[in-house]
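Following: one structure in structure tokens, then a few remarks.
The values are calculated or read from the model by the stated rules, or taken from the named source; none is laboratory data. Source: prediction; values computed, not measured. Here the Cβ positions follow ideal geometry from the backbone for every residue, glycine too, while neighbour counts run over all protein chains shown.
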Amino acid sequence: MQLFLSLVKYEFLKLLKRRMVCVTLAVSAAVMVLGVTFGGRLGRVYVEGELITTQADLDLELAMNSKRLSGRVLDETMTEELREAYRQAGEESQGEIVYLAEPYRKYIWPLEPFVRWVRRVGLDVPIEDLNEETLYAKRLERMEENWSDSLLSEGEKEYLRGQNEKLETPFTYEYCFGYEHICDMMNTTAFVLVMILTVCLPGIFTGEHSRRTDQLILVTAKGKDVLYRAKILVGVLFSLLAALVQTACTVIPSFVLYGCSGFSAKLQVIAPESVWSMTMGEALMIFTGLLFVMALLWGIVTMVLSECLKKGTAVMAVLFGFIVFSMLLNVPDEYRIAAQIWDATPLQLISYWGVFTNRLFPLLGHYFTSWQAVPVVYLLLSALAARAGKRRYTGFQVSGR
Amino acid sequence: MKEKSEVIHALKQAFEPPEPERKRSFLRTLPRGRISSFSFMAAQAGYIRKWVWALSFLLLGAAFAGAVCMKKETLWLVSGMLPFAAMAAVTENFRSLIYGMGELEMASRFSFRSVVLARMGILGAGHISLFVILIPVICFFSTYTLLQTGVYLLVPYLLTTVSCLWITRKIGSRDAMYACTGAAICVSGLTFFIRMMMASLLQIQYLSGWIGVLAILAALSLREGKKVIRQAV
Amino acid sequence: MELFIDRVSKQYQNKTAVDRTTLKLHKGVCGLLGANGAGKTTLMRMICGILKPSGGTISFDGEDVSTEEYRSVLGYLPQDFGYYPNFSGMDFMMYMATLKGLEKHSARRKAEELLRLVSLEGASGKKIRTYSGGMKQRLGIAQALLNDPALLVLDEPTAGLDPRERVRFRNLIAEVGKESIVLLSTHIVSDIEHIADRILLMKDGRMIYDGDGKELEGGLEEFYLEQFDEAQEEGGWKNTSGRKGGQDAAFFKSGKI
């Protein structure tokens with residue numbers, strides 16, 4: 001065991017002594033912190049050509065409004081207030097109510113969190129017809145529409161309806177900007193994380209071939225099985241460490257900006273059409289857990305690919321090509337199975353629409369959600385990939401030199 | 001005539017010429033054909049690897065395809081790919097250093113400096129032509145001005161150039177290829193990152209800042225290029 | 001102690017690198033000579049288990065070449081090997097010792113002893129990338145001896161060593177050869193003449209000589225060069241080396257440049 005840990009230590013040293021690894025980690029952490037802190041908060045806000053405020057101030061105002069309204073029930077009282085606010089703004093504007101223009105900012109802006117929630121439900125009736133009944137009816141209608149568009153089976157729809165019935169309506173609005181911001185950033189966090197792993201991990205295996213130390217290590221007693229396990233472990237630990245750093249770079253600035261209240265806010269506050277009975281804190285933990293599992297899979301696949309291709313540049317090219325492909329390709333919903341598989345790939349999965357998708361995984365008469373099924377698949381794939389890589393590594397033949 | 005040639009042939013067969021003496025020193029006195037600088041440069045063009053040119057054509061293809069399919073987002077697709085063109089150009093320019101040929105080239109008539117300058121000239125001309133086509137084509141389909149388009153394309157290109165030159169200078173071995181690819185991926189990722197998360201930085205009021213960054217990167221590229229050449233010679 | 005190479009072959013698409021070679025090696029130094037491309041490195045790699053033979057088996061005291069037990073008694077110095085530039089000499093030795101399964105304290109003692117033996121104790125704390133070519137070669141020799149190997153395979157070990165270091169190396173190998181099987185390949189005939197108990201000459205993948213060299217008329221070098229000349233003639237080069245008629249120009253078989 002001591003020998004194994006010793007090898008792990010040396011492999012870690014070899015990895016961290018590469019300047020590129022430290023630079024990549026540092027730069028990506030800095031970029032992530034800056035992006036989370038300033039992303040969407042730079043710039044100025046103009047209405048009809050006139051400078052109103054800055055994006056940062058607007059964001060702050062919205063957060064303060066949200067805190068003030070926290071704890072309010074999204075019921076008839078709320079809709080009545082909204083109707084009254086629109087009526088007053090309409091009288092003052094004497095015509096079209098322009099977003100962020102003076103009447104809007106005076107009457108409607110203080111209730112902006114409610115307005116945004118109603119927009120998320122997708123209610124498109126005139127404001128006079130807005131009430132609790134139509135609002136929640138519209139929510140159900142939108143849910144059923146989405147399920148049909150996603151080509152869900154009757155069994156899945158029944159299951160989701162059952163989940164929906166467990167929810168208590170009307171919902172209570174709670175301030176959870178920090179959690180919402182983190183969930184919005186998760187896809188970007190995943191993107192930066194896979195970039196880090198793509199750049200840093202290939203060298204664990206390709207370095208031995210490019211430096212021609214493979215001949216020295218493969219002839220030693222522990223140079224095959226034991227060293228392979230040590231290298232894989234180092235890659236896995238590095239992947240998880242990178243995931244932790246990136247998560248911290250997303251979570252900490254978000255909490256510093258918006259505070260950490262809202263752990264117990266229901267998921268429906270940011271996603272009204274969601275049927276899952278969970279809080280924002282639980283959703284964040286699911287996201288984080290999935291990010292770690294994704295990092296594990298990506299790390300192992302990167303290492304195995306690097307042992308197969310033997311060249312770091314080739315590995316990076318293949319993986320980066322996949323990343324770009326992931327960003328550009330969208331499988332239409334009508335190809336249900338293909339779309340579901342594609343949505344389970346790493347960069348598609350770590351996003352709100354990927355994790356909390358309505359599509360379920362049926363198995364032996366039960367339905368499993370994405371966040372339940374996909375980690376298991378990822379872990380299995382990781383184990384299989386590691387095994388395949390071991391055969392490749394131990395079977396390597398030194399020739400052509 | 002036939003008899004004459006037969007006699008000559010017979011004499012050649014019968015007569016055994018003496019062994020040459022001091023052949024090498026005699027041959028050295030004869031004037032040798034030398035290639036011109038232009039011929040040297042043209043010859044260097046043949047040694048530039050095909051994939052470097054293929055990448056440039058791929059970029060062009062991506063720009064035109066993107067213009068048809070992606071319209072406004074073509075700018076970001078191409079600016080995400082340009083770091084790889086920059087990496088290819090830098091690693092090609094300094095291939096001698098990276099693969100250990102530097103010492104041989106430094107000792108030859110057309111020295112390492114000439115080789116590098118020739119390659120820089122050829123690849124530079126190629127990439128300038130690429131930009132001359134890309135910028136107006138992409139500008140046509142995007143919502144940005146010509147100046148903005150040029151800046152948003154050149155900044156990732158030059159950032160990668162500076163990074164790769166620095167890496168080549170510091171590492172200067174085969175590891176430099178790996179590190180340069182990593183740098184290109186990081187810059188490419190940064191481009192997508194800015195597009196996704198900091199789109200407000202692309203507003204017109206920040207254009208002067210971008211131009212400033214571009215100027216700094218251009219100066220740094222020149223400086224790093226000179227340093228690499230000076231270090232090797 | 002016996003290394004048994006049983007009808008080992010290595011076939012590539014258009015070439016037979018090693019052709020049904022059978023050998024039994026025992027304690028002592030065995031020199032392997034041959035021209036470039038004769039198959040020496042290929043044979044050595046197969047003996048070390050980093051190249052799979054197309055046919056035949058290799059075993060050491062009954063242990064097949066693919067087992068961990070075989071590798072635990074093996075020490076190998078390749079012809080062209082790399083290093084970790086950011087490691088110091090001592091770091092490298094400790095890392096290799098770990099790979100060879102040595103316990104930490106004894107590994108450190110052994111590493112220090114070997115670095116002293118190859119005159120690298122002063123540079124052990126410095127990064128390997130600052131080492132000269134000869135220093136790197138000596139480091140390579142030191143790492144090959146870390147686990148007191150019963151089977152030591154050295155592929156052109158004296159490349160990059162100055163004459164004094166070469167003499168020291170010969171003495172070291174001769175010492176090791178008293179207790180272990182040493183297989184040493186080189187182009188420098190004098191290295192083998194001084195220390196090898198047994199000489200193997202390889203040509204085109206086959207062993208063309210296996211003996212102690214004493215019975216060779218004109219000595220080992222003459223015999224080796226004759227074989228080498230034949231190989232060159234077949235390839236089109238003829239190296240006169242001042243031995244035939246005083247000609248000082250190398251020329252192709254046609255006699256013209």
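Take region C:82-114 and flag every residue that is polar (S, T, N, Q) and farther than 20 Å from A:VAL219 by Cα.
Going through region C:82-114, the residues polar (S, T, N, Q) turn out to be C:86, C:88, C:98, C:106.
Within region C:82-114, C:ASN86, C:SER88, C:SER106 meet the criteria.
Return the pairs, sorted by first residue and then second, in which the second residue is among the aromatic types (Phe, Trp, Tyr) and surrounded by 23 or more Cβ atoms within 10 Å (Cβ to Cβ), the first residue lies in region A:206-225 and is facing chain C (nearest Cβ under 8 Å), the beta carbons are less than 6 Å apart, and the residues are 6+ apart or on different chains.
A:VAL219/C:TYR76
What's the number of the only condition in (1) away from chain A (no Cβ under 14 Å); (2) surrounded by fewer than 20 Cβ atoms within 10 Å (Cβ to Cβ); (3) touching a helix residue (DSSP H, G or I) at 6+ places or on another chain (Cβ under 8 Å); (4) modelled with pLDDT of 90 or more that C:GLU193 fails to meet?
The number of the failed condition is (4).
Please determine, by comparing only the residues of region B:161-198 that are of a type in the set (A, V, I, L, M) and facing another protein chain (nearest Cβ under 7 Å), which one is surrounded by the fewest Cβ atoms within 10 Å (Cβ to Cβ).
So the first thing to find is which residues in region B:161-198 are of a type in the set (A, V, I, L, M), and the list is B:162, B:165, B:167, B:171, B:176-177, B:179, B:183-185, B:187, B:190, B:194, B:196-198.
Remaining after also requiring facing another protein chain (nearest Cβ under 7 Å): B:177, B:179, B:185, B:190, B:196-198.
Numbers: B:MET177: 22, B:ALA179: 27, B:ILE185: 24, B:LEU190: 22, B:MET196: 16, B:MET197: 23, B:MET198: 19.
My answer is B:MET196.
Let me spell it out: the conditions are (1) surrounded by fewer than 22 Cβ atoms within 10 Å (Cβ to Cβ); (2) under 29 Å from A:ASP184 (Cβ atoms), and A:VAL226 meets all of them except one. Which number is the exception?
It fails just one condition, (2).
A:THR247 fails exactly one of the following numbered conditions: (1) free of Cβ contacts under 8 Å to residues at least 60 places away in the same chain; (2) within 14 Å of chain C (Cβ to nearest Cβ). What is the number of that condition?
Going through (1) free of Cβ contacts under 8 Å to residues at least 60 places away in the same chain; (2) within 14 Å of chain C (Cβ to nearest Cβ) one by one, A:THR247 breaks only (2).
Do we find a residue being under 30 Å from B:ILE138 (Cα atoms) and either surrounded by 10 or more Cβ atoms within 10 Å (Cβ to Cβ) or out of contact with any Asp or Glu (no Cβ under 9 Å at 6 or more places or on another chain) (or both) anywhere in region B:93-102?
yes
For C:MET93, state whether it is out of contact with any Phe, Trp or Tyr (no Cβ under 6 Å at 6 or more places or on another chain), surrounded by 24 or more Cβ atoms within 10 Å (Cβ to Cβ) and closer than 15 Å to A:PHE396 by Cβ. It would help to see each step written out before you state the result.
On the way: out of contact with any Phe, Trp or Tyr (no Cβ under 6 Å at 6 or more places or on another chain): yes; surrounded by 24 or more Cβ atoms within 10 Å (Cβ to Cβ): yes; closer than 15 Å to A:PHE396 by Cβ: no.
Taking the combined requirement at face value, the residue does not satisfy it.
May I ask you to say which residue of A:ALA26, A:ALA63 is surrounded by 16 or more Cβ atoms within 10 Å (Cβ to Cβ) and either within 14 Å of another protein chain (Cβ to nearest Cβ) or assigned to a helix (DSSP H, G or I) (or both)?
A:ALA63
Which condition number in (1) assigned to a helix (DSSP H, G or I); (2) within 30 Å of A:MET1 (Cα to Cα) is the one that A:GLY223 fails?
All conditions are met except number (1).
Report every pair of residues separated by at least 6 positions or lying on different chains whose Cβ atoms are under 7 Å apart, first residue within region A:97-113 and touching a residue at least 40 places away in the same chain (Cβ under 8 Å), second assigned to a loop (DSSP other than H, G, I, E, B) and surrounded by fewer than 17 Cβ atoms within 10 Å (Cβ to Cβ).
Once the first residue is touching a residue at least 40 places away in the same chain (Cβ under 8 Å) and sits in region A:97-113, its partners that are assigned to a loop (DSSP other than H, G, I, E, B) and surrounded by fewer than 17 Cβ atoms within 10 Å (Cβ to Cβ) give A:VAL98/A:GLU48; A:ALA101/A:GLU48.
Run B:LEU217 past the list (1) of a type outside the set (Ser, Thr, Tyr); (2) exposed (fewer than 14 other Cβ atoms within 10 Å of the Cβ); (3) within 25 Å of the chain's Cα centre (by Cα) and report the number of the one that doesn't hold.
Of the numbered conditions (1) of a type outside the set (Ser, Thr, Tyr); (2) exposed (fewer than 14 other Cβ atoms within 10 Å of the Cβ); (3) within 25 Å of the chain's Cα centre (by Cα), the odd one out for B:LEU217 is (2).
Name every residue in region B:47-62 that is touching a residue at least 12 places away in the same chain (Cβ under 8 Å), of a type outside the set (Phe, Trp, Tyr) and under 26 Å from B:ARG113 (Cβ atoms), in order of residue number.
The answer is B:ILE48, B:ARG49, B:VAL52, B:LEU55, B:SER56.
Would you point out which residue out of A:VAL234, A:VAL275 is outside the structural domain of A:LEU123 (by TED's automatic domain parsing), more than 14 Å from the chain's Cα centre (by Cα), outside any helix (DSSP H, G or I) and crowded, with 18+ Cβ neighbours inside 10 Å?
Checking each option against the conditions leaves just A:VAL275.
Any idea which of (1) away from every other protein chain (no Cβ under 14 Å); (2) more than 30 Å from A:ARG392 (Cα to Cα); (3) of a type in the set (Ser, Thr, Tyr) is the one A:SER351 doesn't satisfy?
Answer for A:SER351: the failing condition is (1).
Examine region B:137-156 for a residue that is within 13 Å of another protein chain (Cβ to nearest Cβ) and touching a helix residue (DSSP H, G or I) at 6+ places or on another chain (Cβ under 9 Å), and state whether such a residue exists.
no
Here is a yes/no grid of residues against (1) crowded, with 16+ Cβ neighbours inside 10 Å; (2) within 14 Å of another protein chain (Cβ to nearest Cβ):
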position	(1), (2)
C:THR67	no, yes
C:TYR70	yes, yes
C:LEU74	yes, yes
C:PRO78	yes, yes
C:GLY82	yes, yes
C:LEU99	yes, yes
C:SER119	no, no
C:GLN143	yes, yes
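I'd like the full set of residues that are in contact (Cβ under 8 Å) with a residue 24 or more places away in the chain and in a loop (DSSP other than H, G, I, E, B), limited to region B:80-101.
Scanning region B:80-101 gives B:PHE94, B:TYR99, B:GLY100.
So which residues in region C:46-63 are free of Cβ contacts under 8 Å to residues at least 12 places away in the same chain and not in a loop (DSSP other than H, G, I, E, B)?
C:GLU63
Conditions (1) touching a residue at least 60 places away in the same chain (Cβ under 8 Å); (2) more than 14 Å from chain C (Cβ to nearest Cβ); (3) over 17 Å from the mean Cα position of the chain (by Cα); (4) within 30 Å of C:ILE50 (Cα to Cα), marked per residue:
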| residue | (1), (2), (3), (4) |
| --- | --- |
| A:ASP343 | no, yes, no, no |
| A:PRO346 | yes, yes, no, no |
| A:ASN358 | yes, yes, no, no |
| A:HIS366 | no, yes, yes, no |
| A:GLN372 | no, yes, no, no |
| A:LEU381 | yes, yes, yes, yes |
| A:LEU384 | no, yes, yes, yes |
| A:VAL398 | yes, no, yes, yes |
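Failed condition for A:SER264, given (1) more than 30 Å from C:LEU151 (Cα to Cα); (2) within 13 Å of another protein chain (Cβ to nearest Cβ), with all others met?
Exception for A:SER264: condition (2).
Here is a list: A:LEU34, A:LEU3, A:LEU13, A:LEU7. Which entry is surrounded by fewer than 17 Cβ atoms within 10 Å (Cβ to Cβ), away from chain B (no Cβ under 14 Å) and assigned to a helix (DSSP H, G or I)?
Step by step, each of A:LEU34, A:LEU3, A:LEU13, A:LEU7 is checked, and only A:LEU13 is surrounded by fewer than 17 Cβ atoms within 10 Å (Cβ to Cβ), away from chain B (no Cβ under 14 Å) and assigned to a helix (DSSP H, G or I).
In region C:196-210, what residues are out of contact with any Leu (no Cβ under 6 Å at 6 or more places or on another chain) and surrounded by 21 or more Cβ atoms within 10 Å (Cβ to Cβ)?
C:ALA196, C:ILE199, C:MET202, C:GLY205, listed by residue number.
Answer yes or no: is there a residue in region B:30-46 that is in a loop (DSSP other than H, G, I, E, B) and under 19 Å from B:ARG119 (Cβ atoms). Outline the logic, then answer.
Step one: of region B:30-46, the residues in a loop (DSSP other than H, G, I, E, B) are B:30-36.
If we keep only those that are under 19 Å from B:ARG119 (Cβ atoms) too, we end up with B:35-36.
Within region B:30-46, one or more residues are in a loop (DSSP other than H, G, I, E, B) and under 19 Å from B:ARG119 (Cβ atoms).
State yes or no: is A:LEU123 of a type in the set (A, V, I, L, M) and touching a residue at least 24 places away in the same chain (Cβ under 8 Å)?
When the stated conditions are applied, A:LEU123 does not pass them.
Could you list, in sequence order, the residues of region A:37-77 that are of a type in the set (Val, Ile, Thr) and modelled with pLDDT of 90 or more?
Within region A:37-77, A:THR37, A:VAL73, A:THR77 qualify.
Quick check: is even one residue across region A:49-59 outside any helix (DSSP H, G or I), touching a helix residue (DSSP H, G or I) at 6+ places or on another chain (Cβ under 9 Å) and either not assigned by TED's automatic domain parsing to the domain that holds A:GLU102 or not β-branched (Val, Ile, Thr) (or both)?
Taking every residue of region A:49-59 in turn, none turns out to be outside any helix (DSSP H, G or I), touching a helix residue (DSSP H, G or I) at 6+ places or on another chain (Cβ under 9 Å) and either not assigned by TED's automatic domain parsing to the domain that holds A:GLU102 or not β-branched (Val, Ile, Thr) (or both).
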